[in-house]
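Notes for the one structure printed next.
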Amino acid sequence: MTRVAVVGAGVTGLAAAWHLNRAGAETVVFDSVDWVGGRVGSAEFAGRQVDTGPDALGPDPAIDELLDGIGLAGQVEIPDPPQAFRLTAAGELEPFGVGGGAMFGLAGGIFSLPAHLERSLRDAGVGFRLGSAVESVTERDDVVSVRVDGSEDVFSAAVVATGAGAAAKLIGGASAEQLARIKGISVTLVHLAFPEGRIGREMNGTGYLADPAEGRLVTGCSWSSAKWRRLSGDPAILRASIREDGRGEVIDLPDEEIVAKVMDELRPVMELEGEPIGTMITRYPEALVVRDENHESAVSAARASLAASPRIGLAGADFDGPGISRSIAGVRKTVDSIIEGTRND
Ligand SMILES: Cc1cc2nc3c(=O)[nH]c(=O)nc-3n(C[C@H](O)[C@H](O)[C@H](O)COP(=O)(O)OP(=O)(O)OC[C@H]3O[C@@H](n4cnc5c(N)ncnc54)[C@H](O)[C@@H]3O)c2cc1C
């Protein structure tokens, strides 16, 4: 039987394992940390379980197929009302687009996706080696060698779904140089809990986006407790995000300074009275790839260099993303070519 290693148990690696398992491959998933989900995470805040990373999914037939396949299709939740706003240069909120079914959530939060996938995969017999940092992935003589904890495990093929930086270290060679060109922006997420009675602005939508070119730090503010049914209640929950090029500067400031900067911007827009009664900051250094020409050429050059190792596939948000749905659409192709390439083993 074809035996395939999946390196990385983020949503992409888990989706790869799901496709491999369905195609009949014996599959083992590795992750350096001892939990699944990667950049998808959750934490308790203001008495509710919030997503600390992604909180919505974009439309794509590949995500529909996956949700259907693992029995989560009935959990799809569309914000009501789906209206988003844009902050004008004059500081007014004006309706923009209509999220009408474009982005959607899951009734249990996006963190329920990796949790549910892990359970389905374990039930289907997929092996998990969590807490095992892979050191290298190399192809030779029609096998792929995966080095973990100083010893070698041999597979027919491997899907590397770790993110570009880690993938460069694992596979080395000419592809690594190309992968190193992929740049990410840093994101700092600030959750704020505010008694409803101290928010003057009606939260009649999903939140607002702001243009950093207008000198704003907060590029988006989700009205999380209005956006998602499971998060409704008092105090209200707001989620502000700050995006910065490269490593960023705000991301390294102490929590109180970040909260003060966010409050300076949110106070007039949301008509906030007083200070938040709870705050939580989550930092993601260089975690969101910038999809530009440089990205496109780096990804195709890295994949072209890897053509000499057809049993190793690159998958994940840093290559096909940046969002989850596009990453999951991309992993399908990677798995199909691996299955095709190992057909005669
Ligand atoms: C703040 C923020 C908000 C976002 N919001 C959204 C959103 O609303 N909607 C959306 O669709 N997307 C969103 N994204 C993007 C989304 O997070 C990614 O598309 C997705 O989570 C990436 O999944 P992945 O599996 O490709 O990578 P990851 O989640 O990064 O998984 C990679 C895994 O590889 C493991 N790993 C790394 N090195 C090794 C090694 N040597 N050995 C073993 N394991 C290793 C890591 O531990 C990790 O678990 C957001 C991202 C950020 C940062």
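Every number here is computed from the coordinates shown, using simple stated rules; none is lab data. Just so it is clear, the model here is predicted, and its values are computed rather than measured. Reconstructed Cβ throughout: ideal geometry from the backbone, glycine too, with neighbour counts over all protein chains shown.
The alpha carbon gyration tensor of the stretch 1-64 gives principal lengths a ≥ b ≥ c with a/c of 1.5 or higher and a/b no greater than b/c, which makes the shape oblate. At full extension, ASP34 and GLU135 could sit 34.8 nm farther apart than now, given 0.36 nm per residue minus the alpha carbon distance. Arranged from fewest to most other beta-carbon atoms within 10 Å of their beta carbon, GLU26, GLU340 become GLU340, GLU26. Remark: the chain carries a charge dipole of roughly 560 debye about the Cα centre, counting +1 on each Lys and Arg Cβ and -1 on each Asp and Glu Cβ. Remark: spin-label model distance ARG147-ASP234 equals 6.1 nm, labels positioned 7 Å along the Cα→Cβ axis.
Expected output is a single nm value to one decimal: the length gained when fully extending between ASN344 and THR88, i.e. 0.36 nm times separation in residues minus the C-alpha distance. What is it? Value of the extension gain: 86.2 nm.
Report note on the peptides 11-24, 284-297, 55-68: ranked by the mean count of other C-beta atoms within 10 Å, highest first, their order is 11-24, 55-68, 284-297. The fewest-to-most ranking of VAL4, VAL262 by surrounding Cβ atoms within 10 Å reads VAL262, VAL4.
The local environment of LEU217, defined by Cβ-Cβ distances under 10 Å, has a net charge of 0 under the rule Lys, Arg +1 and Asp, Glu -1. Take each peptide in 35-42, 228-235, count the other Cβ atoms within 10 Å of every residue, and average; sorted highest first, the result is 35-42, 228-235.
Using a ≥ b ≥ c from the Cα gyration tensor of the stretch 233-345 (square roots of the eigenvalues), is it rounded, prolate or oblate, where a/c under 1.5 gives rounded and otherwise the larger of a/b and b/c decides, a/b for prolate? Prolate.
Show me 133-142, 178-187 ranked by packing, highest mean number of other Cβ atoms within 10 Å first.
So the peptides 133-142, 178-187, ranked by packing, come out 178-187, 133-142.
Structural descriptor for the chain: relative contact order 23 percent, calculated from alpha carbon pairs under 8 angstrom and at least 6 residues apart. Between the stretch 114-129 and the stretch 31-87, the alpha-carbon centres lie 18 Å apart. The sum of -39500 (n - 2.57) across all DSSP H runs of n ≥ 4, divided by the residue count of the chain, sets its helix-only mean residue ellipticity at 222 nm to -9000 deg cm²/dmol. Among LYS261, LYS227, LYS333, the order by Cβ neighbours within 10 angstrom, fewest to most, reads LYS333, LYS261, LYS227.
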